[in-house]
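Student: Below you'll find the structure I mean.
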Amino acid sequence: MSEQTIRFAPYEPRALEIIDTTLREGAQSSLLHDYGKYFFAQADKIDLVRALITYGVKYIELFAPTVSPQEGEDFEAIKEIRDAMIRERGRAFLLAHVRCHPEDVASAVEAGFDGLNLFWGTSFHARQHTHGQTLAGISRAARSLIEQLRNEKRDIVLRFSAEDAFRTCEQDLFRVYDDIVPLIDRVGFPDTVGTATPEAVSRRLRRLRQRYPDADWEGHFHDDRGFATINALEAVKNGVRYIDTSVLGIGERSGITSMTALLYNLFIDREEKLLEGYDLSESYPINVLLASKLNMLVNDKEPVSLTNRTHTAGVHQKAVLRSSSAYEAFPLDRVGVSESKILLGPLSGWNVIYYFLKEVKYFALDPQTAKRITQVFKERIYTMSPGIDPSQVLMTIAREEFHLKRMDIPPEYRHSLVQDLSD
């Protein structure tokens with residue numbers, strides 16, 4: 001099914017639109033090299049695009065076809081998948097990330113992208129070391145190209161970003177934006193090298209909105225200082241409608257804002273209007289999907305992860321067995337993390353040992369026996385070789401040293417656990 005055969009009313013943007021750039025910015029992540037992946041195969045891209053559209057993402061950024069012939073072929077396959085999902089999921093826009101260069105622009109337009117994310121470096125560093133253009137030259141060339149685009153492709157969605165905007169002084173930004181903002185749909189202000197703080201984001205936005213009150217803004221925040229998510233939240237709080245994200249926050253250097261971390265924080269803050277149209281229950285599954293493509297686990301710093309429901313300290317384990325709320329402040333089940341893990345190890349107390357042996361493995365034992373087993377287990381665990389499963393060590397102690405026997409549990413009750421444990 002081709003999108004051209006379907007008539008659409010003009011798309012009315014939601015209060016918050018995620019522009020996912022996993023397959024562009026994310027493809028620049030060193031993680032692909034770390035895990036021997038190097039690039040996303042076409043099948044990977046199709047799986048991720050399908051998951052993103054199902055999640056509720058309406059804008060997906062890709063490389064321009066000029067990057068490589070393979071990117072052009074992959075775009076055609078992605079476009080077919082997008083078109084096939086239109087009737088069920090509604091519109092989704094495929095955006096090409098392109099330099100303000102006629103060749104890049106022509107290739108993206110010819111390929112059939114719905115929009116172009118144009119960029120040009122405006123900081124001293126970019127002008128000095130990247131392209132050598134003056135601010136006047138940038139403004140003149142970008143405006144000429146955008147005017148031509150507007151005349152030839154009236155329906156194409158256009159964004160212009162002053163790359164490295166937070167290392168570009170305000171007057172230099174104004175010098176470029178004054179000529180371009182009236183011609184485009186979105187104005188980007190990317191923190192390309194991750195220098196911004198929340199205060200800087202708020203301050204810069206106030207000045208830009210004062211000068212261009214009718215513009216729609218797009219934030220792109222790198223994590224070099226660890227501020228990508230908090231900077232994105234600050235931007236949203238200050239009225240930015242469009243935020244660039246990636247799944248798991250992967251991207252150049254330390255990456256960018258994590259899509260699920262951003263939406264999870266907005267959920268916690270009860271920003272229901274900003275979450276319109278996003279299926280948050282798919283947050284953890286989409287994180288797992290990308291992690292599986294990279295042959296890795298979901299990062300332990302990612303809020304929407306099983307790690308965030310994993311407990312090792314004995315005091316924590318005891319409390320969580322009674323109620324997860326003791327050490328889990330937020331409802332991760334609402335974002336797809338449907339289980340918790342208690343990890344057996346040298347920090348485990350007798351309560352969890354007792355629970356594991358009796359409720360999970362169905363051994364007949366009393367609390368006093370569990371306490372004695374715990375003492376042996378804690379001594380033994382420090383001598384075991386790397387790669388040995390602690391639960392197997394515990395099982396061996398229970399069977400061979402304490403001669404515990406298993407209870408006969410009716411099948412219908414064997415899965416009625418209060419709390420799951422890694423085994």
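The values are calculated or read from the model by the stated rules, or taken from the named source; none is laboratory data. Note that the structure is predicted; figures quoted are calculated from it, not measured. Note: ideal-geometry Cβ built from the backbone for every residue, glycine included; neighbour counts use all protein chains shown.
Student: Check off (1) crowded, with 21+ Cβ neighbours inside 10 Å; (2) in contact with a Ser or Thr (Cβ under 8 Å, 6 or more places away or on another chain) for V105 and give me the number that stays unchecked.
Tutor: (2)
Rundown of residues vs (1) of a type in the set (K, R); (2) touching a strand residue (DSSP E or B) at 6+ places or on another chain (Cβ under 7 Å), yes/no style:
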{"position": "D44", "(1), (2)": "no, no"}
{"position": "D47", "(1), (2)": "no, no"}
{"position": "K79", "(1), (2)": "yes, yes"}
{"position": "R89", "(1), (2)": "yes, no"}
{"position": "V105", "(1), (2)": "no, yes"}
{"position": "F113", "(1), (2)": "no, yes"}
{"position": "H125", "(1), (2)": "no, no"}
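Student: Continuing with the same structure: Go over the candidates R50, R24, R87, R82 one by one and state the one that is in contact (Cβ under 8 Å) with a residue 12 or more places away in the chain, exposed (fewer than 14 other Cβ atoms within 10 Å of the Cβ) and either in the same structural domain as R99 (by TED's automatic domain parsing) or over 15 Å from the mean Cα position of the chain (by Cα) (or both).
Tutor: After ruling out the rest, the residue left standing is R87.
Student: Mind listing whichever residues of region 205-239 are among the basic types (K, R) and within 24 Å of V304 (Cα to Cα)?
Tutor: Listed by number, the residues that qualify are R225, K237.
Student: Any chance you could count how many residues in region 262-289 are in contact (Cβ under 8 Å) with a residue 24 or more places away in the chain and among the β-branched types (V, I, T)?
Tutor: 2
Student: Next question. Under the condition of being more than 21 Å from V57 (Cβ to Cβ) and touching a helix residue (DSSP H, G or I) at 6+ places or on another chain (Cβ under 7 Å), which residue from region 205-226 is surrounded by the fewest Cβ atoms within 10 Å (Cβ to Cβ)?
Tutor: Once the filter is applied, the top-ranked residue is R207.
Student: Here's another thing I want to ask about it. M407: more than 15 Å from L357 (Cβ to Cβ), modelled with pLDDT under 85 and surrounded by 10 or more Cβ atoms within 10 Å (Cβ to Cβ), yes or no?
Tutor: Against the criterion (more than 15 Å from L357 (Cβ to Cβ), modelled with pLDDT under 85 and surrounded by 10 or more Cβ atoms within 10 Å (Cβ to Cβ)), M407 does not qualify.
Student: Any idea which residue in region 91-106 is nearest to the chain's Cα centre (by Cα), counting only those that are over 17 Å from I46 (Cα atoms) and outside any helix (DSSP H, G or I)?
Tutor: Ranking the candidates gives H97 first.
Student: Only one of A136, A162, A196 is among the small types (G, A, S) and under 23 Å from the mean Cα position of the chain (by Cα); which?
Tutor: A196 is the lone residue from the list that is among the small types (G, A, S) and under 23 Å from the mean Cα position of the chain (by Cα).
Student: Sort through E199, E163, E170 and tell me the only one that's modelled with pLDDT of 95 or more and among the acidic types (D, E).
Tutor: E199
Student: Among the residues of region 130-167, which ones are under 26 Å from I243 (Cβ atoms) and free of Cβ contacts under 8 Å to residues at least 12 places away in the same chain?
Tutor: Within region 130-167, T130, D155 qualify.
Student: Scan (1) at pLDDT 95 or above; (2) small (G, A, S); (3) touching a Gly at 6+ places or on another chain (Cβ under 7 Å) for the single condition S29 breaks and write down its number.
Tutor: Result: S29 passes all but (1).
Student: Within region 110-136, work out how many residues are surrounded by 14 or more Cβ atoms within 10 Å (Cβ to Cβ), at pLDDT 80 or above and either in contact with a Pro (Cβ under 8 Å, 6 or more places away or on another chain) or assigned to a helix (DSSP H, G or I) (or both).
Tutor: Residues flagged as surrounded by 14 or more Cβ atoms within 10 Å (Cβ to Cβ), at pLDDT 80 or above and either in contact with a Pro (Cβ under 8 Å, 6 or more places away or on another chain) or assigned to a helix (DSSP H, G or I) (or both) within region 110-136 amount to 3.
Student: Inspect all residues belonging to region 210-219 and state whether any of them is under 18 Å from V98 (Cα atoms), part of a loop (DSSP other than H, G, I, E, B) and in the same structural domain as D20 (by TED's automatic domain parsing).
Tutor: No: region 210-219 contains no residue that is under 18 Å from V98 (Cα atoms), part of a loop (DSSP other than H, G, I, E, B) and in the same structural domain as D20 (by TED's automatic domain parsing).
Student: Hey, does region 60-75 have a residue that's assigned by TED's automatic domain parsing to the domain that holds A261, surrounded by fewer than 13 Cβ atoms within 10 Å (Cβ to Cβ), more than 22 Å from A232 (Cβ to Cβ) and at pLDDT 95 or above?
Tutor: Within region 60-75, one or more residues are assigned by TED's automatic domain parsing to the domain that holds A261, surrounded by fewer than 13 Cβ atoms within 10 Å (Cβ to Cβ), more than 22 Å from A232 (Cβ to Cβ) and at pLDDT 95 or above.
Student: Identify all residues within region 179-203 that are surrounded by 21 or more Cβ atoms within 10 Å (Cβ to Cβ), in a helix (DSSP H, G or I) and without any contact (Cβ under 8 Å) to a residue 40 or more places away in the chain; write none if there are none.
Tutor: Correct list: V201 only.
Student: Suppose the filter is closer than 23 Å to Y177 by Cα and in contact (Cβ under 8 Å) with a residue 60 or more places away in the chain; does G239 pass it?
Tutor: No; evaluated as a whole, the condition is false for this residue.
Student: Looking only at region 289-297, decide whether some residue is surrounded by 14 or more Cβ atoms within 10 Å (Cβ to Cβ), within 24 Å of A15 (Cβ to Cβ) and modelled with pLDDT under 95.
Tutor: Scanning region 289-297 turns up no residue that is surrounded by 14 or more Cβ atoms within 10 Å (Cβ to Cβ), within 24 Å of A15 (Cβ to Cβ) and modelled with pLDDT under 95.
Student: Restricting to region 354-386, name every residue that is farther than 16 Å from T396 by Cβ and among the basic types (K, R).
Tutor: K358, K371
Student: Given the criteria among the hydrophobic types (A, V, I, L, M, F, W, C) and farther than 30 Å from K153 by Cα, does I230 qualify?
Tutor: Considered against the rule, which asks whether it is among the hydrophobic types (A, V, I, L, M, F, W, C) and farther than 30 Å from K153 by Cα, I230 comes out as yes.
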